[in-house]
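> Just passing along the structure, written as structure tokens.
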Amino acid sequence: MRDLLCPNCGQRLAFENSLCLSCGRPLGFSLDDMALLVIATGDEQDQAGFIDGDKYQLCANMHLAECNWLVEKEAVHKLCPACALTRTRPNDADTKALAAFAESEKAKRRLLAELHELKLPIIGRDEDPDYGLAFDLLSSEQEKVFTGHENGVITLDLAEGDDVHREQLRKAMDEPYRTLLGHFRHEIGHYYYYRLVSVSEDYDNQFRELFGDPDADYQAALDRHYNDGPPPNWEQNFVSSYATMHPAEDWAETFAHYLHIRDTLDTAAAFGFAPASATIERKVLGPSGFDTIIEQWLPLSWALNMINRSMGKADLYPFVLPPPVLDKMRFIHTVVDDLS
């Protein structure tokens, strides 16, 4: 994420800001500009970093989802590109679920901003009714909800927005990391397997060499994983124990980590903690591109872990990336890089 500034006064801003607390100007996030713009009226609209308030407004989910993205006033549904992808949400009477819904939408917007920066295709249900991307955000307090992906639809259990619930699950499943953003990044990996890999014979062959047979019996793999656990010494070949379950989950877990690394490096570079070449905006060219990314990531992640420990917190990135995982991630980088 870039270092965002108020175009009017230069105050540093967070990705979620809809108001500059320094000069009081209303702000909206423009996905095309990857910047927060001042919503202006009159002659101001012609200035760089200002946008015409007569033509643009904040998303209709400004209050419901705490959305600060811009949308054209003439748009039919008045929803921004991120909110428009949500197919199902809690009903208005479920105030607890709606609070978690707002948190999940925040994470989803950060996901979509990164996908946009990486030039990954975001094809919704309006363009592809059968396999387009959509989100069902529901709470398991009212019904059974299983976080997952099916034919482009990503379902998220909003109970994951509750810190206590999520931490209990993280410990029960012996996971070193569990966040809303992490869930979204994992599930979007399944979407991009279908959208980018399964449709290419060359990519499909490389996938099978690295990850295994994507058509292997999923239910049998699921039962085996939860009955027997991961295989011995799994850390030598997989980024997480869950990745050992099935080639599809190995891909999704590794894809999520690729997004973790690219976004964190991008943010670190924006604030001067990593080389300028680490930003997503500045494409690292050639066969050595992925090697350069990892060479930048390893010392940064080590430093961030040590900083967290200095504050008495757990490691920010509590993972090891053995050579087989890097080979898988290199393939993902190639797939992503080929798009741009």
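The values are calculated or read from the model by the stated rules, or taken from the named source; none is laboratory data. Nothing here was measured: the structure is a model prediction, and the numbers come from that model. Neighbour counts run over all protein chains shown; Cβ positions are idealised from the backbone, glycine included.
> Given the residues T279, T267, which is the only one that is of a type in the set (S, T, Y), in contact with a helix residue (DSSP H, G or I) (Cβ under 8 Å, 6 or more places away or on another chain) and outside the structural domain of R185 (by the TED database)? Give the derivation first.
Numbers: T267 fails: in contact with a helix residue (DSSP H, G or I) (Cβ under 8 Å, 6 or more places away or on another chain).
From the options T279, T267, the qualifying one is T279.
> Restricting attention to the range 161-218, and to residues there that are small (G, A, S) and either over 20 Å from S139 (Cα atoms) or at pLDDT below 80 (or both), which single residue is farthest from the chain's Cα centre (by Cα)?
Selected residue: A216.
> Taking K108, is it touching a helix residue (DSSP H, G or I) at 6+ places or on another chain (Cβ under 8 Å) and buried (at least 16 other Cβ atoms within 10 Å of the Cβ)?
It is true that K108 is touching a helix residue (DSSP H, G or I) at 6+ places or on another chain (Cβ under 8 Å) and buried (at least 16 other Cβ atoms within 10 Å of the Cβ).
> When the residues of the range 129-179 are narrowed to those that are assigned to a loop (DSSP other than H, G, I, E, B) and in contact with a strand residue (DSSP E or B) (Cβ under 8 Å, 6 or more places away or on another chain), which ends up surrounded by the most Cβ atoms within 10 Å (Cβ to Cβ)?
Out of the qualifying residues, it is S139.
> Only residues in the range 202-218 that are farther than 13 Å from V335 by Cβ count as the first member; pair them with residues that are of a type in the set (A, V, I, L, M, F, W, C) and assigned to a loop (DSSP other than H, G, I, E, B), Cβ under 9 angstrom, at least 6 apart or cross-chain, and list the lot.
Every condition considered, the pairs that remain are Y218/M245.
> Considering S30, S104, S22, which residue is outside the structural domain of A270 (by the TED database), among the polar types (S, T, N, Q) and in contact (Cβ under 8 Å) with a residue 60 or more places away in the chain?
Exactly one residue qualifies, and that residue is S104.
> Take the range 1-12 and flag every residue that is of a type in the set (A, V, I, L, M, F, W, C) and either part of a loop (DSSP other than H, G, I, E, B) or modelled with pLDDT of 95 or more (or both).
Matches in the range 1-12: M1, C6, C9.
> Do we have any residue at all in the range 63-82 that's closer than 25 Å to Y194 by Cβ, at pLDDT 90 or above and not in a loop (DSSP other than H, G, I, E, B)?
Scanning the range 63-82, I find no residue that is closer than 25 Å to Y194 by Cβ, at pLDDT 90 or above and not in a loop (DSSP other than H, G, I, E, B), so the answer is no.
> State yes or no: is F15 assigned by the TED database to the domain that holds K55, of a type in the set (A, V, I, L, M, F, W, C), closer than 14 Å to E114 by Cα and crowded, with 18+ Cβ neighbours inside 10 Å?
no
> For the range 234-274, enumerate the residues that are within 17 Å of E175 (Cβ to Cβ), free of Cβ contacts under 8 Å to residues at least 12 places away in the same chain and among the small types (G, A, S).
Within the range 234-274, A243 is the sole residue that qualifies.
> Now, a different point. What is the residue count in the range 183-205 for residues that are touching a Ser or Thr at 6+ places or on another chain (Cβ under 8 Å) and more than 20 Å from R110 (Cα to Cα)?
1
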